[in-house]
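Notes for the one structure printed next.
The values are calculated or read from the model by the stated rules, or taken from the named source; none is laboratory data. If you're wondering where the values come from, they're calculated on a predicted model, not measured in any experiment. Methodologically, a virtual Cβ is constructed for each residue, glycine included, from the backbone with ideal geometry; neighbour enumeration extends over all protein chains shown.
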Amino acid sequence: MRKVIVVVVIVLLLPLIAQMMPKEVTFERAQAVIENCGLVVSDVKRTATSTYGAVEMMTMNVGGARVEIYRFDNEGKIVKQLEFEKPDAGSVIVETWNLSESLGAAKPKRLPRVAVRNGMFMLAVTCETKSIRDRVIRVFQSL
């Protein structure tokens, strides 16, 4: 009798357990989740590319931000690219202390770019508005 009850409980819990399992990150799922969060997605383009050593790439505009999603097939390539996305210490010091402007150089017109990783996918957001960048990053990391 106990065995029957245990089997019935397991069978009833299987759908719940399946829902709790993490889902695989895909381009389509990332786009759908971003759209479901109320952000406007446009100009979606998906290409097979070798940019940054990625296998595939998808670009889109999300609420005025340029979003690039890369799929890698190699752990080393994605880690290497994330390191390249980080600003070097010298540039950070020059920008923070406004050294180039104090020496008479023009203020750089570089848009802020942030890159994050989720599994074998990397998302890069380029936008002046910090709130949009942060929102897209939070959505992508929640996948």
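Here are a few things to note about the model shown:
- Flag for L123 being under 30 Å from F140 (Cα atoms) and modelled with pLDDT of 70 or more: yes
- Scanning the stretch 45-95 for residues being over 17 Å from V139 (Cα atoms) and either of a type in the set (A, V, I, L, M, F, W, C) or out of contact with any strand residue (DSSP E or B) (no Cβ under 7 Å at 6 or more places or on another chain) (or both) gives a total of 28.
- Answer residue from the stretch 45-75, given it is surrounded by fewer than 15 Cβ atoms within 10 Å (Cβ to Cβ) and of a type in the set (A, V, I, L, M) and is farthest from E85 (Cα to Cα) among those: A48
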